[in-house]
Amino acid sequence: LGLSAGEPADYLVLTDLWSQHIAAVTVFFKSYWLNLQPAWRRASDVWPPTKDGAGVSDWSCLSKGGPNGLYLVLRVLAFWRSILWYKGEFPDFHEALQDVCWVMEEILKERNGDTESGKRPRRRAARV
């Protein structure tokens, strides 16, 4: 391995090791992501998961913080991307990233009370 200026040797060794297993990382992410989804998105083995049913779904299975929530999904995506950058290959990554972004938008819509029209319902001020 040749080291570039400013790149730690341990990072390059780890990235090189994992880049030999891009297919395994891809399969892992897809399986992990599908298992986190609501049942209606897991109904078939289609990749990326279906978006039919958006707006009527409960995203509580994904709307979690902490180490077992979307933070971990984003960390895995970042790791996957760093491996692909090193190799210059992007199989399935862009579809996965777009799907994660779409799910996050749906979660935000649900949390903010957005309706089909894209407008938030008016909320009354609390009476004191």
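The values are calculated or read from the model by the stated rules, or taken from the named source; none is laboratory data. No experiment lies behind these values; they were computed from the predicted model shown. Because the Cβ atoms are built from the backbone with ideal geometry, glycine has one as well, and the counts that use them run over all protein chains shown. Only protein heavy atoms, including side chains, enter the accessible area calculation; ligands, DNA and RNA are left aside. Shrake-Rupley method; radii C 1.70, N 1.55, O 1.52, S 1.80 Å.
Cβ contacts < 8 Å: first residue aromatic (Phe, Trp, Tyr), restricted to the stretch 89-108; second residue part of a loop (DSSP other than H, G, I, E, B), any location; separation 6+ or different chain. Result?
102/51
Looking only at the stretch 64-82, filter to residues that are in a helix (DSSP H, G or I) and open to solvent by 40 Å² or more (accessible area, probe 1.4 Å); which one of those is farthest from residue 20 (Cα to Cα)?
Pass one, the stretch 64-82, residues in a helix (DSSP H, G or I): 70-82.
So of that shortlist, the ones also open to solvent by 40 Å² or more (accessible area, probe 1.4 Å) come out as 71-72, 74-75, 78-79, 81.
Working: 71: 25, 72: 22, 74: 21, 75: 19, 78: 17, 79: 14, 81: 14 Å.
Going through the qualifying residues, I end up with 71.
Of all the residues that make up the stretch 83-106, how many are modelled with pLDDT of 80 or more and surrounded by fewer than 17 Cβ atoms within 10 Å (Cβ to Cβ)?
Qualifying residue count for the region: 8.
Output the residues belonging to the stretch 39-59 that are open to solvent by less than 60 Å² (accessible area, probe 1.4 Å), closer than 13 Å to residue 102 by Cβ and of a type outside the set (S, T, N, Q).
Looking only at the stretch 39-59, we keep the residues that are open to solvent by less than 60 Å² (accessible area, probe 1.4 Å), and these are 41, 44, 47-50, 53-55, 57, 59.
Checking which are closer than 13 Å to residue 102 by Cβ leaves us with 41, 48-50, 53-55, 57, 59.
The answer is 41, 48, 49, 53, 54, 55, 59.
Return the pairs, sorted by first residue and then second, in which the second residue is open to solvent by 30 Å² or more (accessible area, probe 1.4 Å) and among the small types (Gly, Ala, Ser), the first residue lies in the stretch 56-85 and is free of Cβ contacts under 8 Å to residues at least 40 places away in the same chain, the beta carbons are less than 7 Å apart, and the residues are 6+ apart or on different chains.
Between residues of the stretch 56-85 that are free of Cβ contacts under 8 Å to residues at least 40 places away in the same chain and residues that are open to solvent by 30 Å² or more (accessible area, probe 1.4 Å) and among the small types (Gly, Ala, Ser), the close pairs are 71/65.
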